[in-house]
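S.K.: A single structure is presented below for examination.
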Amino acid sequence: MKIRSVEVSVFTYPTRRVSDSAGHSHPGEESQAKMAMLTITTNEGDCGYSFAPPEVVRPHVVNAFFRKVLVGQNPFDRERLWQDLVHWQRGSAHQLTERALSFVEQALWDLIGRKLKMPVHKLLGGFREKVPAYGSTMCGDELKGGLSTPDEFGQFAEKLVARGYQAIKLHTWMPPVAFAPDPKMDIKACAAVREAVGPDIELMLDGYHWYSRSQALTIGKALEKLNFAWFEEPMEEESMASYAWLAENLSIDVIGPESLGGKHHSRADWVKAGACDILRAGANGVGGISPCMKVASLAEAFGMDCEVHGNGAASLAVVGAIRNCRWYERGLLHPFLEYDEPAAYLNSIVDPMDEQGFVHLSDRPGLGEDINFDYIETHTVSRD
């Protein structure tokens, strides 16, 4: 079996999510957005698919890296192909980003799973059939009735618990919200949510990412009193020393790094430095499913949990295959949006949740996405 072609189709689909000037997602009027679907096809007719925003995978990236490395190769040599692509990141990391690397690596996993008629989470090891989800909110906003006040965060948290969530993570206010960043407002929102849901629901905070040490410490001490489960990315992650200092001065678990590059290598440095109590990695952010699994194994070797960042098929596959992850991140959630409605290019969502707050792993082959190929074909605007 050899890879015959690597193609990207860009298509439009309706969405009610809009991005503010800083890139944060919020509810808005329905508009047309674009999505890219990568298709890897073999000489035997087998295919693997993955999705990413078009800006992640420019035509130059497809031609200069994906096709150069993959075409003519056996897709089952996935680790070697991934390592070859990593080699090309040297000097080209601004083009072949971790997200682009994840995009192509996930399609390889999907192809292998479809060929073998097995879910990827089983190929990775198959640890569980279901996982509890935490509801991950959108960032705070200035929309009345949305997430514009601490009380609105509390009211939404009550609805999430009624839906079945056993844990909730807050994303509080960030610029361009007029009053953000504001540690006092973050603390008020956290307090309102704790009061609303009671003592038995686990809570986490992922707020503004550029607080000073003293501001992060103030928030962290408040979270300790509110019995929060973890504190995520309150400072610039390039400063590992700042996180080591924060972890030393707080009893609440500090989790990270979320957005830092460097794959499993940088996370090893964080463990050694004592910069976190829980490791963080997502299949979309560290270069794919394989490096995410490497981070999880690294964490396990040091007796640590590895909480997988972000929702979606790839991250869910990793969560289904490892022991040392307590939660699946389901979101982003907002009072004005219905998460359980699939995007137009999918026939169903990949992470349906039951009334007890558990997401069940799919038994579909590959990554488990139920793709509406007819919709994509009809709404394709470009191919490369």
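S.K.: Return the residues of the stretch 7-17 that are open to solvent by 40 Å² or more (accessible area, probe 1.4 Å) and more than 18 Å from the chain's Cα centre (by Cα); say none if nothing qualifies.
M.R.: Glu7, Pro14, Arg16 - these are the residues of the stretch 7-17 that are open to solvent by 40 Å² or more (accessible area, probe 1.4 Å) and more than 18 Å from the chain's Cα centre (by Cα).
S.K.: While we're on this one: Could you list, in sequence order, the residues of the stretch 312-327 that are surrounded by fewer than 24 Cβ atoms within 10 Å (Cβ to Cβ) and within 21 Å of Ser25 (Cα to Cα)?
M.R.: Scanning the stretch 312-327 gives a single hit, Gly312.
S.K.: Now for a different question. Please state which one of Ser21, Ser31 is under 23 Å from the mean Cα position of the chain (by Cα) and farther than 19 Å from Phe373 by Cβ.
M.R.: Sole residue among the options that is under 23 Å from the mean Cα position of the chain (by Cα) and farther than 19 Å from Phe373 by Cβ: Ser21.
S.K.: Taking into account only those residues within the stretch 123-169 that are open to solvent by 10 Å² or more (accessible area, probe 1.4 Å) and of a type in the set (Val, Ile, Thr), which is farthest from Arg364 (Cα to Cα)?
M.R.: Thr149
S.K.: Please state which one of Glu355, Glu341 is charged (D, E, K, R), within 25 Å of Ala167 (Cβ to Cβ), touching a residue at least 40 places away in the same chain (Cβ under 8 Å) and out of contact with any strand residue (DSSP E or B) (no Cβ under 8 Å at 6 or more places or on another chain).
M.R.: One residue alone meets the criteria, Glu355.
S.K.: Continuing with this model, one more query. Could we say that Arg330 is within 17 Å of the chain's Cα centre (by Cα), of a type outside the set (A, V, I, L, M) and open to solvent by 10 Å² or more (accessible area, probe 1.4 Å) here?
M.R.: No; evaluated as a whole, the condition is false for this residue.
S.K.: Could you pull out the residue among Glu237, Glu195, Glu232 that is open to solvent by less than 40 Å² (accessible area, probe 1.4 Å) and out of contact with any Phe, Trp or Tyr (no Cβ under 9 Å at 6 or more places or on another chain)?
M.R.: Going through Glu237, Glu195, Glu232 in turn, just one is open to solvent by less than 40 Å² (accessible area, probe 1.4 Å) and out of contact with any Phe, Trp or Tyr (no Cβ under 9 Å at 6 or more places or on another chain): Glu232.
S.K.: Something else about it: Of the residues Pro150, Pro119, Pro181, which single one is within 23 Å of Trp210 (Cα to Cα) and in contact (Cβ under 8 Å) with a residue 40 or more places away in the chain?
M.R.: After applying the criteria, what remains is Pro150.
S.K.: Could you tell me which numbered condition Ser136 fails, if it satisfies all but one of (1) touching a strand residue (DSSP E or B) at 6+ places or on another chain (Cβ under 6 Å); (2) on the phi > 0 side of the Ramachandran plot?
M.R.: Of (1) touching a strand residue (DSSP E or B) at 6+ places or on another chain (Cβ under 6 Å); (2) on the phi > 0 side of the Ramachandran plot, only one is false for Ser136: (2).
One line per residue, one yes/no per condition, for (1) outside any strand (DSSP E or B); (2) of a type in the set (Ser, Thr, Tyr); (3) farther than 30 Å from Pro53 by Cβ; (4) open to solvent by less than 40 Å² (accessible area, probe 1.4 Å):
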position: Trp245; (1), (2), (3), (4): yes, no, yes, no
position: Ser251; (1), (2), (3), (4): yes, yes, yes, no
position: Val254; (1), (2), (3), (4): no, no, no, yes
position: Ser259; (1), (2), (3), (4): yes, yes, no, no
position: Ser266; (1), (2), (3), (4): yes, yes, no, yes
position: Trp270; (1), (2), (3), (4): yes, no, no, yes
position: Cys276; (1), (2), (3), (4): yes, no, no, yes
position: Ala283; (1), (2), (3), (4): yes, no, no, yes
position: Gly287; (1), (2), (3), (4): yes, no, no, yes
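S.K.: Within the stretch 14-34, track down each residue that is more than 20 Å from His171 (Cβ to Cβ) and out of contact with any Lys or Arg (no Cβ under 9 Å at 6 or more places or on another chain).
M.R.: Matches in the stretch 14-34: Pro14, Gln32, Lys34.
S.K.: Suppose we keep only residues that are touching a residue at least 40 places away in the same chain (Cβ under 8 Å) and outside any loop (DSSP other than H, G, I, E, B) within the stretch 207-243. Which one would you say is nearest to the chain's Cα centre (by Cα)?
M.R.: Glu232
The values are calculated or read from the model by the stated rules, or taken from the named source; none is laboratory data. Remember, it's a predicted structure, so these values are computed and weren't measured experimentally. Note: ideal-geometry Cβ built from the backbone for every residue, glycine included; neighbour counts use all protein chains shown. The accessibility values were calculated without ligands, DNA or RNA, using every heavy atom of the protein model including side chains. Shrake-Rupley method; radii C 1.70, N 1.55, O 1.52, S 1.80 Å.
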